[in-house]
């Protein structure tokens, strides 16, 4: 590799946190001076302008506590060099990926996503301006030529597998693949019900539901009528939010999948087809269907947490986030590697480590 | 008239279509007439289909053409009952093969009157596999027996072929894959030896993955079948073995069984349908491999996956199939298979897979692959 080698002495925890803070401050700088960046992000991400603004102003982790960063550093390990491959992620995910790499190593090489490089490049540029001289960008990367340290790859399973195949045996590959979120709406009063629907809609709208934490399925504790009422409330909330934060253009493949999903759920039970979203309701007890991303939500009833757990079991390998108005209940449903958060905060995880603890 | 009687009348009309085909007579009624009557019956007795019609702004009473009938996505068979009757009324219930989504996520297709399914399957199977046979021949199935796999539509069809085209034989000499998936090569050897001695052509039926296992087991050796034998191969691999390109498998089987490549006939069917489609290669020297013929009771139309409008001749679309034998379930089915109309039938291009979604949200195919 051509990047210059940095100071290889082992850093203390405090020094690592300091280095991560520089990256985080760079992110704040990028967000504060985003006027030029936003049009580029609109073009590269496929989000609407409002969607990009929402992501930058609500979903970049700018307020990490020392405890969060201490946890991030503790889990990052120690490596002479980390090479970061950002092949597919929501664009703000570059901050977490680079922060993790920075916590683990002095030398960090970043290969931004080819089709969505703007935020990562701006972040690295801002970090360099703030005094971080050891973040290097490469446009092309020969995986087989990475001769030390770790490779952190963020992408779909096929990409992770490809990099694992190409990497040298003495280079550790940490793969963070794709995933999905699930919402658990516990029994509660009418006000809590409405709040849960509104918060879940906000989680769906962020990044047009293309993040690995984005909720795609909501399980509603109670009978079928309660699930249908919840679906109707989420539908209204999504309609309202869609007017404020329009969805980006739908790719043809997704549009076809969405049409198919709407027809399937119409046949099976009911589908609320909104201007920019679909909320499908599963027949009671039916196996869960997975709608496409881009604001499509599958709602099902579950009589109890046990039945919810049984319904989720076939999808468990893909679940990396569970959002709920009942955190204790959600923890019993979540796989060990999944984040658990309150609804409305599923897309704002603290900067305390990878988005999930699962490595592909 | 109750809906059981309505169903029975529709079955009678469908079987009359098949009988006319077998007798070489003109169809007793038009495809569109029967398709629309079946759709009206389904809209009256299947709530989901009535909802789908309403959502599409289709009034069943006003239907005049089959292409106006809303197609039911195959996914619906996985999440709800696609059946005009209670489950107890089914004579047979077929299930799609399992996926990592679990047993419960298998699609289910119930048949109230299995005789219609069998009549159509045998008639069109005879047309493209056995029309030249003047007497029963040894039929061997490289698959499990109906007793071992009672919910497989493919196994049921093979059983119907064994009855219709086959010489009498014990089940263990007919269905050569046991419950553990082990192929009984010695039984196959014995059937072939007997057929050779009697100079009887054979009909060998099997799935692609069973044939790949067979090829792998035999290696470079051959297993010559009697002259004029033919092989029907169907289905994908579903992760059960290595995948082999169709042309390579055809070539391997032709060599293995010492038959002409045109005697390897591919069949296309699915659990959600009651009709099947065949390559015409065995009886039509000009027929292209990979081009499938449809029976006069089924239509395969490539449609745009988003608008569901038919695409131009020669363009690729998703297969929308109207199957007049699907009387009590879904007369129009929207598959996930890409097809293209070409002269002489349609070309099957395989399952449509979208590009991975932008972002890190998981795709269904990715989840199933884990």
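Read-outs throughout are calculated quantities, based only on the coordinates presented, and are distinct from any laboratory measurement. Here the structure is a predicted model, which is why all the values come from computation and not from measurement. Cβ: placed from backbone, ideal geometry, glycine included. Neighbour counts: every protein chain shown.
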*Sort the following peptides by mean Cβ neighbour count (other Cβ atoms within 10 Å, averaged over residues), highest first: B:16-27, A:220-231.*
A:220-231, B:16-27
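Mind sorting A:163, A:151, A:17 by how few other Cβ atoms lie within 10 Å of their own Cβ, fewest first? Don't jump to the answer; show the numbers that get you there.
Numbers: A:163 22, A:151 27, A:17 19.
Lowest count first: A:17, A:163, A:151.
Got the relative contact order for chain B handy, in percent, Cα pairs under 8 Å and 6 or more residues apart? Could you put the intermediate results ahead of the total?
On the way: 675 pairs, mean separation 58.7, N = 370.
Here the relative contact order equals 16 percent.
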*With axes computed from alpha carbons, what is the tilt in degrees of helix A:157-166 against the longest principal axis of chain A, rounded to the nearest 10 within 0 to 90?*
30 degrees
_With Cα atoms, 0 to 90° folded angle of helix A:118-129 axis to chain A main axis_ = 40 degrees
_Simple spin-label estimate for residue A:170 and residue B:254 in nanometres, 7 Å along Cα-Cβ_ = 5.2 nm
*Roughly speaking, what is the centre-to-centre gap between segment A:218-268 and segment A:286-301 when only Cα atoms are used, to the nearest Å?*
8 Å
*What FRET efficiency would be calculated for the residue pair residue B:149, residue B:8, taking the C-beta separation as r and a Förster radius of 22 Å, to the nearest 0.05?*
0.15
*Would you mind telling me which residue in B:317, B:344, B:219 has the biggest mean-square fluctuation in a Gaussian network model of chain B, where springs connect alpha carbons within a distance under 10 angstrom?*
B:219
*Neighbouring partner chain Cβ atoms per residue of A:314-325, average, 10 Å criterion*: 3
_Could you tell me the relative contact order of segment A:267-360? Use alpha-carbon pairs under 8 Å, at least six residues apart, and round to a whole percent._
17 percent
*asked:* Whole angstrom only: what separates the Cα centroid of segment B:49-91 from the Cα centroid of segment A:16-75?
replied: 49 Å
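Quick check: convex hull over the Cα atoms of the protein assembly as shown, volume per residue in Å³, rounded to an integer? Working shown, then result.
Values: hull volume 126.4 nm³, N = 730.
Considering the Cα atoms of the protein assembly as shown, their hull volume per residue is 173 Å³.
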*Return one number: the angle in degrees, 0 to 90 and rounded to the nearest 10, between the long axis of the Cα atoms of helix B:246-257 and the longest principal axis of the Cα atoms of chain B.*
40 degrees
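Shielding by partners for B:71-79, please: the mean number of other protein chain Cβ atoms within 10 Å of each residue's Cβ.
On the way: counts 1, 5, 10, 2, 8, 8, 3, 5, 14.
Going residue by residue through B:71-79 and averaging, the value is 6.
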*Quote the relative contact order of chain A in percent (integer), defining contacts as alpha-carbon pairs under 8 Å separated by 6+ residues.*
19 percent
_Peptide A:249-255 - average C-beta neighbours from other chains (10 Å radius)_ = 4
*asked:* Give me B:229, A:309 sorted ascending by neighbouring Cβ count inside 10 Å, so fewest comes first.
replied: A:309, B:229
_With a 10 Å cut-off between alpha carbons and a GNM built on chain A, which of A:291, A:117, A:39 moves the most?_
A:39
*Where in segment A:176-209 does the amide nitrogen come within less than 20 Å of the point 7 Å from the Cα of residue A:62, taken along Cα to Cβ?*
A:203, A:206-208
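By its C-alpha gyration tensor, with a ≥ b ≥ c as the square roots of the eigenvalues, how is segment A:1-157 shaped: rounded for a/c under 1.5, else prolate for a/b larger than b/c, else oblate?
Numbers: a/c = 1.83, a/b = 1.30, b/c = 1.41.
It is oblate, given that a/c is not under 1.5 and a/b is not larger than b/c.
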*How many nm separate the modelled label positions at residue B:19 and residue B:179, each set 7 Å beyond the Cα in the direction of the Cβ?*
4.1 nm
*With runs of 4+ DSSP H residues as the only contributors, calculate the mean residue ellipticity of chain A at 222 nm using -39,500 (n - 2.57) per run, divided by the residue total and rounded to the nearest 500.*
-13500 deg cm²/dmol
*With labels modelled as points extended 7 Å from the Cα through the Cβ direction, what inter-label distance (nm, one decimal) is found for residue A:53 paired with residue A:14?*
4.3 nm
*Counting other C-beta atoms within 10 Å, which of A:121, B:225 has the fewest, and how do the rest follow?*
A:121, B:225
*Go ahead and set up a Gaussian network model of chain B, Cα springs under 10 Å, then flag whichever of B:350, B:107, B:235 fluctuates most.*
B:350
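To the nearest 500 deg cm²/dmol, what mean residue ellipticity at 222 nm is calculated for chain B from DSSP H runs of n ≥ 4 alone, each contributing -39,500 (n - 2.57), summed and divided by the residues? It would help to have the intermediate numbers written out before the result.
Numbers: 10 runs with 116 residues, N = 370.
Theoretical 222 nm ellipticity from helices: -9500 deg cm²/dmol.
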